[in-house]
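In what follows, a single structure is set out as structure tokens and then discussed.
Values in this text are rule-based calculations from the coordinates and carry no lab data. On a predicted model such as this, the values are computed, not experimentally measured, just so you know. Note that we place each Cβ from the backbone using ideal geometry, even for glycine, and neighbour counts take in every protein chain shown.
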């Protein structure tokens, strides 16, 4: 049995396919616009909150435990042009709008391993160009802390040993790898930095 499709029916079907694809493209662009706009507004609001608190840094020997959604501070790597606010938590919404402090790791200024996580295609994209000895500055309501990059590496997502606590103050940055991978990246890019005295 032979199926015959008229040219008119074929043109109509193609027209509907074009419309569906166009609508899908518009919806994806609108979503990207929303995500970027939402992150920009959120960063601006939280940056203002940190600046108001940092006028007179809070004097505490030990910062109180952070709860999900709390402001941790701002991370900056001047050479890379990276500047982003850090919020407690690594849920999808937090990482869409900011860099996330990994729960259970130390806080800036405390001994131990401080873990920050960010998306490779937004806030942590500049990490692809990071080098040994780059200086990372973390500004919090409790003070400003500087860290010098000592190593980078690539690990499996199951390798959580990179977040093991230590006796000294270490900052660990985690993002997906490869940076230009399409889809869910198979590995994690790790940056390790040691606390140094502020240069200012």
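Tabulated data for the structure shown
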{"item": "Among residues of the stretch 154-200, those that are assigned to a loop (DSSP other than H, G, I, E, B), in contact (Cβ under 8 Å) with a residue 60 or more places away in the chain and within 17 Å of residue 115 (Cα to Cα), counted", "result": "1"}
{"item": "Some residue of the stretch 54-66 being touching a strand residue (DSSP E or B) at 6+ places or on another chain (Cβ under 9 Å), closer than 13 Å to residue 173 by Cβ and part of a helix (DSSP H, G or I)", "result": "no"}
{"item": "Filter result (buried (at least 20 other Cβ atoms within 10 Å of the Cβ) and in a loop (DSSP other than H, G, I, E, B)) within the stretch 135-150", "result": "142"}
{"item": "Checklist (1) loosely packed, with under 13 Cβ neighbours inside 10 Å; (2) in contact with a helix residue (DSSP H, G or I) (Cβ under 9 Å, 6 or more places away or on another chain) applied to residue 132, failing item", "result": "(2)"}
{"item": "Complete set of residues in the stretch 78-121 that are assigned to a helix (DSSP H, G or I), buried (at least 19 other Cβ atoms within 10 Å of the Cβ) and either in contact with a helix residue (DSSP H, G or I) (Cβ under 6 Å, 6 or more places away or on another chain) or at positive phi (or both)", "result": "97"}
